[in-house]
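The values are calculated or read from the model by the stated rules, or taken from the named source; none is laboratory data. This one's a predicted model, so the numbers in the text were calculated from it and none came from an experiment. Here the Cβ positions follow ideal geometry from the backbone for every residue, glycine too, while neighbour counts run over all protein chains shown.
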Amino acid sequence: MQSSVFVLGQMAPGAEGLGWLSSKLLGVTLTSAEWVLWILVVLSVLSIAIMLERTVYFARNRLPDSEGLAVRLARGDFDAARKAVEGRSGMEAAVVREALASTPQGADTVEQVIASTMARERPQYERFLSFLGTLGNNAPFIGLFGTVLGIIKAFNDLGKMGGKGAAIQQTVMAGISEALVATAVGLAVAIPAVVAFNIFNRQLKTLTSRANALGHALVGSLRAEAR
């Protein structure tokens with residue numbers, strides 16, 4: 001083990017024998033990888049802030065009794081439906097409110113209004129979700145980049161030291177363990193972001209399905225009355 005570590009130490013990159021570009025790149029990579037950790041910390045704070053903001057937004061912009069409202073719409077009780085969405089915000093409330101306002105123009109127009117309203121409201125729910133998805137996919141690679149920088153620095157320091165045996169092994173192991181922290185932090189940032197991204201997307205699909213159900217109930221009631 002000690003002999004293999006010593007060989008790796010002898011093979012560690014040094015300034016001698018390198019081309020101009022390799023020397024410049026080596027000088028850049030030998031800087032501390034701590035800045036990568038700071039990037040991950042900042043991204044983690046941003047992701048937590050987005051998770052909290054989206055949680056509050058989704059909670060405030062939903063109807064508490066969407067199923068009961070769909071029943072009222074299907075029965076043609078439009079006055080009760082108007083009262084139920086009065087002062088409410090969100091996709092479901094907007095769909096019902098604007099669809100009811102267009103009922104005098106017929107069921108076909110109501111269908112178009114529902115589709116238009118949903119297309120307008122959906123981006124407000126998707127806001128910042130792409131950031132969580134991108135962070136979840138790329139934070140491990142950012143951490144891996146920091147780990148690679150740390151390992152390069154560890155072997156470069158090993159190639160410059162004159163110690164033998166246990167001293168060399170200790171230097172390599174300490175440098176590598178410190179470098180692996182970046183990968184661990186990258187995973188710690190990515191996993192919550194992926195989980196939150198999936199949860200919010202699932203909630204958005206549920207809200208879209210409920211809004212569609214409300215629209216279908218209203219259109220069905222209008223078509224029944226027109227017969």
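Points worth noting:
- Whether a residue is touching a helix residue (DSSP H, G or I) at 6+ places or on another chain (Cβ under 6 Å) and at pLDDT below 90 was assessed, and LEU144 does not pass this test.
- When region 42-61 is limited to residues that are of a type in the set (Gly, Ala, Ser) and touching a Leu at 6+ places or on another chain (Cβ under 9 Å), the one that is nearest to ALA188 (Cα to Cα) turns out to be SER44.
- Test: residue in region 88-104 that is surrounded by fewer than 14 Cβ atoms within 10 Å (Cβ to Cβ), within 31 Å of the chain's Cα centre (by Cα) and at negative phi: no
- Looking across LEU63, LEU132, one residue alone is of a type outside the set (Asp, Glu) and in a helix (DSSP H, G or I). It is LEU132.
- Residue selected from region 174-194 under the condition touching a Phe, Trp or Tyr at 6+ places or on another chain (Cβ under 8 Å) and touching a residue at least 60 places away in the same chain (Cβ under 8 Å), by the criterion surrounded by the most Cβ atoms within 10 Å (Cβ to Cβ): GLY186
- Flag for ALA80 being free of Cβ contacts under 8 Å to residues at least 40 places away in the same chain and either assigned to a helix (DSSP H, G or I) or surrounded by 16 or more Cβ atoms within 10 Å (Cβ to Cβ) (or both): yes
- Restricting attention to region 41-67, the residues that are crowded, with 16+ Cβ neighbours inside 10 Å, over 14 Å from the mean Cα position of the chain (by Cα) and farther than 15 Å from ARG127 by Cβ add up to 3.
- Test: residue in region 108-130 that is touching a helix residue (DSSP H, G or I) at 6+ places or on another chain (Cβ under 7 Å), surrounded by 12 or more Cβ atoms within 10 Å (Cβ to Cβ) and of a type in the set (Gly, Ala, Ser): no
- Boolean, ALA139 is assigned to a helix (DSSP H, G or I), modelled with pLDDT of 90 or more and closer than 30 Å to SER209 by Cβ: no
- Qualifying residue in region 62-81 (condition: under 30 Å from VAL189 (Cβ atoms) and either modelled with pLDDT under 90 or not hydroxyl-bearing (Ser, Thr, Tyr) (or both)): yes
- Of all residues assigned to region 36-59, at least one qualifies as being of a type in the set (A, V, I, L, M, F, W, C), part of a helix (DSSP H, G or I), under 30 Å from PRO140 (Cβ atoms) and in contact with a Ser or Thr (Cβ under 9 Å, 6 or more places away or on another chain).
- Between PHE197, PHE155, the distinction of being modelled with pLDDT of 95 or more and of a type outside the set (A, V, I, L, M) belongs to PHE197 only.
- Those residues of region 195-214 which are crowded, with 16+ Cβ neighbours inside 10 Å and either among the aliphatic types (A, V, I, L, M) or not in a helix (DSSP H, G or I) (or both), in sequence order: ALA196, LEU204, LEU207, ALA211, ALA213, LEU214
- Filter result for ALA188 (more than 23 Å from the chain's Cα centre (by Cα) and closer than 28 Å to VAL36 by Cα): no
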